[in-house]
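Derivation of every value follows stated rules applied to the coordinates shown; laboratory data play no part. Since the structure is predicted, the reported quantities are computational estimates derived from the model, not experimental observations. Positions of Cβ are backbone-derived with ideal geometry, glycine not excepted, and every protein chain shown enters the neighbour counts.
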Amino acid sequence: MDQVAAALAREPNIAFAYLYGSFQTPDSFHDIDIGIYLTRCRPGLDTMYALDLTQRLADLISFPIDTRILNDAPVSFLYHVLKGRPLHIQDEELLTRLMEQVVRQYLDMAPLLRQSTREAFAG
């Protein structure tokens, strides 16, 4: 992961990047999930940037990578990603603000999520 972290550090538009998902669990992963938060969003171009970055990182380590832009991600997904491992932090202040906001919003909606899950899987 050091090579990936170093490559992400060379990207000026990435405020921070997190490793999340199954890669953190030994013997149960198929690809490497990386969430990136961009310093500035460019509608239409961000998807192309993420695809290009994904390919460059996969070529670097010869392993499949799934890169997701976090800027407009739902709170529940952000909460999941931010429980992962930081790979690169360029803007610690932005990350701290986002973490506080995500935790607050997630905890506000957690009871509703639990109730919805119970109802969805009730017999």
Q) At what distance in nm do the modelled label points of L107 and D66 sit from each other, each positioned 7 Å from its Cα along Cα→Cβ? A) 2.9 nm
Q) Among I61, I69, what is the fewest-to-most ranking by other Cβ atoms within 10 Å? A) I61, I69
Q.
Please compute the contact order of the chain in relative form: average sequence separation of alpha-carbon pairs under 8 Å and at least six residues apart, divided by the residue count, as a percent.
A. 31 percent
Q: With a point put 7 Å past each Cα toward its Cβ, work out how far A6 is from L45 in nm, to one decimal.
A: 2.8 nm
(Q) If you build the convex hull over the alpha carbons only and average its shadow over all orientations, what do you get for the range 5-123? Give it in nm² to one decimal. (A) 9.0 nm²
